[in-house]
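A.B. asks: First, the structure itself, so that you have it in front of you.
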Amino acid sequence: MTVVRAGRLVLPDSVIGPAWLRVEGDRIADLGAGEPATCDVDLGDATLVPGFVDLHCHGGGGHSFSDGPEAALGAVAAHRRSGTTTSLASLVTDTLGTLEHQVRDLAPLVADDELAGVHLEGPWLSSIHCGAHDPALLRDPDPDEVDGLVSAVPGAVRMVTVAVERQGGLDAVRRLADRGVIAALGHSDATYALAHAAVDAGVRVATHLYNAARAVHHREPGLVLALLEREEVTVELIADGIHLHPAVLRDAAVRASGRFALVSDAMAAAGAADGSYRLGGLQVAVVDGVARLVPGGAIAGSAITLAQALHHAVHVAGVDLPAAVAAITSTPARVLGRDDVGRLAPGAYADLVVLDASTRVRRVMRRGAWLDEEIDD
Ligand SMILES: [Zn+2]
């Protein structure tokens with residue numbers, strides 16, 4: 001048993017402080033406002049928030065989720081050090097055979113609770129909004145192919161991004177929703193009307209809203225405005241200062257209040273140095289923390305962690321701290337249907353992040369165990 005005292009605790013609906021939290025085993029046993037009767041770890045003025053939950057991440061620490069289980073564990077560890085205690089593993093477009101192989105590679109890590117599931121970003125995407133996906137491998141979502149990939153290992157695939165304007169797109173969304181797989185809309189040229197139809201069919205997540213999507217036009221607002229309007233939809237936003245202007249991030253945070261999730265969309269360079277990397281079969285150069293395809297120059301994911309997204313959202317875009325914290329904890333946890341992660345509450349896993357006065361991550365606890373001592377950055 002460990003009693004932790006902090007200047008503030010960010011709870012699902014309030015901020016209390018000073019406050020304490022008692023950890024027993026891998027769970028939060030209890031918490032409350034005021035000074036604790038006894039205290040094992042005094043965090044002084046620091047703020048305690050839940051461990052972060054990332055819905056969209058391709059890798060980190062020099063490793064990609066598409067490169068097998070050992071690389072996947074390396075990527076998980078890199079993000080965990082900076083506070084992300086729950087991750088989906090996103091796979092970029094590849095051949096169906098290769099993707100099935102990758103899902104089978106990652107499935108044991110899902111079963112072992114190292115990963116919260118696999119996210120298939122492709123191959124059923126728009127070729128005109130392909131971003132860093134190999135356009136030659138993009139295809140229509142044939143029902144048998146969708147079923148085959150999603151059920152290759154039952155329970156392993158948790159989310160699939162679909163461009164619903166492709167032949168069979170809406171049917172694919174219905175099939176995914178029927179199977180309990182989260183249907184996401186993105187890398188898409190869907191119109192405003194079609195995007196509404198897609199939400200009616202079961203879409204519940206907007207994959208990196210604004211990026212790799214039909215642009216907003218005053219006569220045809222496209223999928224972006226439709227997805228912002230629908231209360232059922234959680235919108236992913238990449239808060240790296242490159243994918244979205246801070247004003248767009250701030251605006252989306254207001255319009256999708258309580259249902260925007262900051263995602264890293266990180267490739268291997270997150271938590272690692274600039275240099276040459278691969279994303280699926282494509283070559284990527286990271287210069288000054290910006291990842292671009294070689295050749296072509298399209299932005300190829302980010303090189304950030306959620307800790308950096310939090311800092312950017314609060315200190316550059318001006319999102320208030322509780323809203324920004326919810327966007328990397330309780331909101332994505334709700335998308336995953338999880339109430340045991342993403343919140344400070346009795347019964348939830350003891351996944352804790354210690355933030356200093358400038359919103360930098362200082363310590364991380366996962367499942368009741370501190371990962372490292374103080375983090376220097
Ligand atoms: Zn993408």
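A.B. asks: Search the structure for amide H atoms under 5 Å from the amide H of ALA266, placed 1.01 Å from N in the peptide plane, and list their residues when 5 or more places away or on another chain.
C.D. replies: So ALA266 has HN proximity to HIS58, GLY59, SER302.
A.B. asks: Among DSSP beta bridges lying fully in the range 29-166, give the percent that are antiparallel, nearest 5.
C.D. replies: 15 percent
A.B. asks: Shifting gears a bit: Given +1 on the Cβ of Lys and Arg, -1 on the Cβ of Asp and Glu, and no further charges, what dipole in debye does the range 13-102 carry about its Cα centre, rounded to the nearest 20?
C.D. replies: For this selection, approximately 120 debye.
A.B. asks: Take the alpha carbon atoms of the range 15-40, find their center, do the same for the range 315-333, and report the distance between the two centers in whole angstrom.
C.D. replies: 22 Å
A.B. asks: Among DSSP beta bridges lying fully in the range 227-377, give the percent that are antiparallel, nearest 5.
C.D. replies: Percentage antiparallel, nearest 5: 75.
A.B. asks: Something else about it: So what's the range 52-335 giving for Cα Rg divided by 2.2 N^0.38 Å, two decimals?
C.D. replies: The range 52-335 yields a ratio of 0.90.
A.B. asks: In nm, what is the difference between 0.36 nm times the number of residues separating ASP200 and ALA77 and their Cα-Cα distance?
C.D. replies: Difference between extended and current length: 40.5 nm.
A.B. asks: Still on this model: Leaving ligands, DNA and RNA out of it, report the carbon-plus-sulfur percent of the accessible area of the range 52-335 at a 1.4 Å probe.
C.D. replies: Carbon and sulfur: 52 percent of the exposed surface of the range 52-335.
A.B. asks: Now, a different point. Could you check what % of the DSSP bridge pairs in the chain are antiparallel, to the nearest 5?
C.D. replies: Within the chain, antiparallel bridges account for around 55 percent of the total.
A.B. asks: Would you list the membrane-span-like helices of the chain, meaning whole DSSP H runs whose alpha-carbon atoms span at least 15 Å along their axis and whose mean Kyte-Doolittle value is at least -1.0?
C.D. replies: Result, helices passing both filters: 69-81, 96-111.
A.B. asks: Sticking with this one: If you take the charge dipole of the chain about its Cα centre, with +1 on Lys and Arg Cβ and -1 on Asp and Glu Cβ, which of VAL76, LEU115, GLY297 is farthest toward its positive end?
C.D. replies: Farthest towards the positive pole: GLY297.
A.B. asks: Looking only at LEU120, LEU185, LEU336, which one moves most when the chain is put into a Gaussian network model with springs between Cα atoms under 10 Å?
C.D. replies: Looking only at LEU120, LEU185, LEU336, the largest GNM fluctuation is found for LEU336.
A.B. asks: Per-residue ellipticity at 222 nm for the chain, helices alone: DSSP H runs ≥ 4 residues times -39500 (n - 2.57), over residue total, nearest 500 deg cm²/dmol?
C.D. replies: When only DSSP H runs of four or more count, the value is -7500 deg cm²/dmol.
A.B. asks: Ok, one more. How much length, in nm to one decimal, is gained on full extension between SER257 and ASP26, taken as 0.36 nm per residue of separation minus their Cα-Cα distance?
C.D. replies: 80.1 nm
A.B. asks: If R0 is 41 Å, what FRET efficiency do you get for SER276 and CYS39 from their C-beta distance, rounded to 0.05?
C.D. replies: 0.30
A.B. asks: Among GLY318, HIS58, GLY275, which residue has its Cα furthest toward the positive end of the charge dipole of the range 52-335, with +1 on Lys/Arg Cβ and -1 on Asp/Glu Cβ?
C.D. replies: Comparing the listed Cα positions along the dipole, GLY318 ranks first.
A.B. asks: Across the range 210-219, in residue order, what do the Karplus-derived ³J(HN,Hα) couplings come to in whole Hz, using 6.51 cos²θ - 1.76 cosθ + 1.60 with θ = phi - 60° and x for Gly and Pro?
C.D. replies: Running phi through 6.51 cos²θ - 1.76 cosθ + 1.60 with θ = phi - 60° gives 6, 8, 6, 9, 3, 6, 6, 10, 5, 9 Hz.
A.B. asks: Just to check I understand the Karplus step: with θ = phi - 60° and J = 6.51 cos²θ - 1.76 cosθ + 1.60, what whole-Hz values come out for the range 331-337, glycine and proline as x?
C.D. replies: 5, x, 4, 5, 4, 7, x
A.B. asks: To continue, here is another question. Would you mind working out the magnitude of the charge dipole of the range 220-369 relative to its Cα centre, with +1 at each Lys and Arg C-beta and -1 at each Asp and Glu C-beta, to the nearest 20 Debye?
C.D. replies: For this selection, approximately 440 debye.
A.B. asks: Using a Gaussian network for the chain with springs between C-alpha atoms less than 10 Å apart, which of these wobbles most: VAL53, VAL216, VAL76?
C.D. replies: Of the options given, VAL216 has the highest mean-square fluctuation.
A.B. asks: How much accessible area per residue does the chain have, counting only protein heavy atoms and a probe of 1.4 Å, in square angstrom?
C.D. replies: 37 Å²
A.B. asks: How big is the C-alpha Rg of the range 147-306 next to the rule-of-thumb value 2.2 N^0.38 Å, as a ratio?
C.D. replies: So the Cα radius of gyration is 1.07 times the expected 2.2 N^0.38 Å.
A.B. asks: Sticking with this one: If you plug each phi of the range 46-53 into the Karplus form 6.51 cos²θ - 1.76 cosθ + 1.60 with θ = phi - 60°, what whole-Hz ³J(HN,Hα) values come out, in order, with x for Gly and Pro?
C.D. replies: 3J(HN,Hα) across the range 46-53, in whole Hz: 5, 9, 9, 10, x, x, 7, 10.
A.B. asks: Assign unit charges at the C-beta atoms only (+1 for Lys and Arg, -1 for Asp and Glu), then state the dipole size of the range 52-335 relative to its Cα centre in Debye, rounded to the nearest 20.
C.D. replies: Charge dipole, the range 52-335, about its Cα centre: 540 debye, nearest 20.
The values are calculated or read from the model by the stated rules, or taken from the named source; none is laboratory data. Just so we're clear, the structure is a prediction, and the values are computed from it rather than from any experiment. Every residue, glycine as well, gets a Cβ built from its backbone with ideal geometry; the counts of neighbours run over all protein chains shown. Just the protein is used for accessible areas: all its heavy atoms, side chains included, with ligands, DNA and RNA removed. Shrake-Rupley method; radii C 1.70, N 1.55, O 1.52, S 1.80 Å.
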